[in-house]
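Read the structure below first, then the notes.
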Amino acid sequence: MKIYFHLSLEEFTNSYLVVNDDPSVMEAIVIDPGKVSNQLVEQIEDGGYKLTAVLITRNNEIALRGLSTLMKIYSPQIYAAEYEINTLKTNLIRGDGKLSIAGLEVDYFSITGRSADSMCFKIGNVLFTGDSLTAGVVGETSGTYFKRMLCSNIEKKIFSQNDELVVMPGHGPPTTVATERYYNIDITENKKFQNRS
């Protein structure tokens, strides 16, 4: 498995191309296509990969600007926590579960608090968190209650993973579960609040 990072400079959003380069498979997955660049298409085409799926961590216009372009070039299946994204039908996923895509095992789980449709995807030792968790902070929410809910869900579902799990967020640099467990300022503040209660 290889992962290619793509940054959209317009909105500073991250997209990822995950490829299974096993010669018997040669398939690819795009996660949150914020922008479809020549480089992304070249990586798929030059590598000889079949784009099998698009995984959506959140229905966010900025994070999905490239989806319609991608769908004009390829015919991947779309997996999201909503029935429809940008008028495109999706394979609806809810709660927690597993998928087998591009010859890879993909674990998915819902992280509510940021939004009702926020999903995380774990492929191998890499976790794609979208807007839920970024290096040092959690995603923005519409209020204190939802921020506490998001922090609790992150602690329950992400911090229960192994320390070395690499976190690839929708914005900002990669991090690890261990780093976020010990140094994430929002999680630290949430723990202080819980200890006072």
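Observations on the model:
- Residues in segment 75-131 that are at pLDDT 95 or above, within 15 Å of PRO33 (Cα to Cα) and over 15 Å from the mean Cα position of the chain (by Cα): 3 in all.
- ASP131 passes every criterion in (1) touching a His at 6+ places or on another chain (Cβ under 9 Å); (2) open to solvent by 20 Å² or more (accessible area, probe 1.4 Å); (3) not hydrophobic (A, V, I, L, M, F, W, C) apart from (2).
- Residue in segment 51-63 that is modelled with pLDDT under 90, in a loop (DSSP other than H, G, I, E, B) and polar (S, T, N, Q) present: yes
- Test: residue in segment 64-74 that is open to solvent by 10 Å² or more (accessible area, probe 1.4 Å), in contact with a strand residue (DSSP E or B) (Cβ under 6 Å, 6 or more places away or on another chain), at pLDDT 90 or above and not aliphatic (A, V, I, L, M): yes
- If you go through segment 164-186 and pick out every residue that is farther than 25 Å from SER8 by Cβ and either open to solvent by 50 Å² or more (accessible area, probe 1.4 Å) or out of contact with any strand residue (DSSP E or B) (no Cβ under 7 Å at 6 or more places or on another chain) (or both), you end up with 6.
- Qualifying positions in segment 114-128 - out of contact with any Gly (no Cβ under 8 Å at 6 or more places or on another chain), part of a loop (DSSP other than H, G, I, E, B) and either over 15 Å from ILE3 (Cα atoms) or open to solvent by less than 10 Å² (accessible area, probe 1.4 Å) (or both): SER115, ALA116, ASP117
- The set of residues in segment 1-35 that are assigned to a loop (DSSP other than H, G, I, E, B) and at pLDDT below 90 comprises LEU9, GLU10, GLU11, PHE12, GLY34, LYS35.
- Any pair with Cβ under 6 angstrom, 6 or more apart, that starts in segment 102-129 at a residue that is farther than 17 Å from ILE154 by Cβ and ends at one that is open to solvent by less than 20 Å² (accessible area, probe 1.4 Å) and not hydrophobic (A, V, I, L, M, F, W, C): ALA102/ASN20; GLY103/ASN20; LEU104/ASN20
- Restricting attention to segment 1-48 and to residues that are of a type in the set (Asp, Glu) and more than 21 Å from THR90 (Cβ to Cβ), the residue that is farthest from the chain's Cα centre (by Cα) turns out to be ASP46.
The values are calculated or read from the model by the stated rules, or taken from the named source; none is laboratory data. None of these values were measured; they are calculated from a predicted model. Every residue, glycine among them, receives a Cβ derived from its backbone with ideal geometry; neighbour counts consider all protein chains shown. Just the protein is used for accessible areas: all its heavy atoms, side chains included, with ligands, DNA and RNA removed. Shrake-Rupley method; radii C 1.70, N 1.55, O 1.52, S 1.80 Å.
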